[in-house]
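Trainee: The structure's right below; bear with me while I get my questions together.
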Amino acid sequence: MITAALAGLGLGFSLIVAIGAQNAFVLRQGLLREHVLVVVAICALSDIVLIGLGIAGAGAVFTAVPWLVEVVRYAGAAFLLVYGLLAARRAWRPKALTAAASSSGASTLAVAGTVLALTWLNPHVYLDTLVLLGSVGSTHGDDRWAFGVGAAIASVLWFTLLGFGARFLAPVFARPLAWRILDAVIAVVMIALAVSLVLPH
């Protein structure tokens, strides 16, 4: 059981510790110190639900209903493109940048809606949790739920560290140029992900 949990922890970290739309948003909110608990909680709880569904075998739904993947893919691409363009605008316009560096001014509801969209409209999250983690978890037989718990712990640890640990980078982001670079990177990542979703696979 412990071996399965450690395997889940390792695979969970390997899948989640990569720059992407969700991680970039968590980092930005952590740097702004706005609604961090809400963002971290939504990301972690979403992963826990998806990992649980994957371990339970829900990944088969995507095989049985292929059009569902297409709907999520194009909706996710559209959302990522818009968010990426907004980040590019912040990086390009000094006035928008200055406001962003001090406070985004976004309400809790708006931030929650954004992080929910970045999580649930991302087709890769379904492939990682429902399909990949679910498939690997099934190889552990009766210990598959221990594997799932390990993967869930990895998710909770990562988002907590990313969201609440971002404040230690505050001295670096005291300079407007640092925010400009961060938003430029976020824009590139978001737009690249949007394009990758619509390109033929």
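Every number here is computed from the coordinates shown, using simple stated rules; none is lab data. Note that the coordinates shown come from a computational prediction; the quantities given were computed from them, not determined experimentally. Ideal geometry is used to build each Cβ from the backbone, glycine not excepted, and the neighbour counts take in all protein chains shown.
Trainee: Name every residue in segment 132-145 that is more than 23 Å from the chain's Cα centre (by Cα) and within 9 Å of residue 4 (Cα to Cα), in order of residue number.
Mentor: 140, 143, 144
Trainee: Name every residue in segment 154-168 that is among the aromatic types (Phe, Trp, Tyr) and over 13 Å from the mean Cα position of the chain (by Cα), in order of residue number.
Mentor: 164, 168
Trainee: Hey, can you tell me all the residues within segment 17-37 that are more than 9 Å from the chain's Cα centre (by Cα), part of a helix (DSSP H, G or I) and within 25 Å of residue 195 (Cβ to Cβ)?
Mentor: Correct list: 27, 28, 29.
Conditions tested, residue by residue: (1) surrounded by fewer than 18 Cβ atoms within 10 Å (Cβ to Cβ); (2) farther than 22 Å from residue 121 by Cβ; (3) without any contact (Cβ under 8 Å) to a residue 40 or more places away in the chain; (4) in contact with a Gly (Cβ under 8 Å, 6 or more places away or on another chain).
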{"residue": "141", "(1), (2), (3), (4)": "yes, yes, yes, no"}
{"residue": "151", "(1), (2), (3), (4)": "no, no, no, yes"}
{"residue": "154", "(1), (2), (3), (4)": "no, yes, no, yes"}
{"residue": "161", "(1), (2), (3), (4)": "yes, yes, yes, no"}
{"residue": "164", "(1), (2), (3), (4)": "yes, yes, no, yes"}
{"residue": "170", "(1), (2), (3), (4)": "yes, yes, no, no"}
{"residue": "173", "(1), (2), (3), (4)": "no, yes, no, no"}
{"residue": "178", "(1), (2), (3), (4)": "yes, yes, yes, no"}
{"residue": "183", "(1), (2), (3), (4)": "no, no, no, no"}
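Trainee: On to the next question. If I ask for residues that are farther than 18 Å from residue 160 by Cβ, in contact (Cβ under 8 Å) with a residue 12 or more places away in the chain, assigned to a helix (DSSP H, G or I) and of a type in the set (A, V, I, L, M), which ones from segment 38-60 would you list?
Mentor: Passing the criteria: 53, 55.
Trainee: Could you name every one of the helices (runs of 4 or more DSSP H) located completely within segment 121-189 that has at least 2 residues being touching an Asp or Glu at 6+ places or on another chain (Cβ under 8 Å) and charged (D, E, K, R)?
Mentor: Output list is empty.
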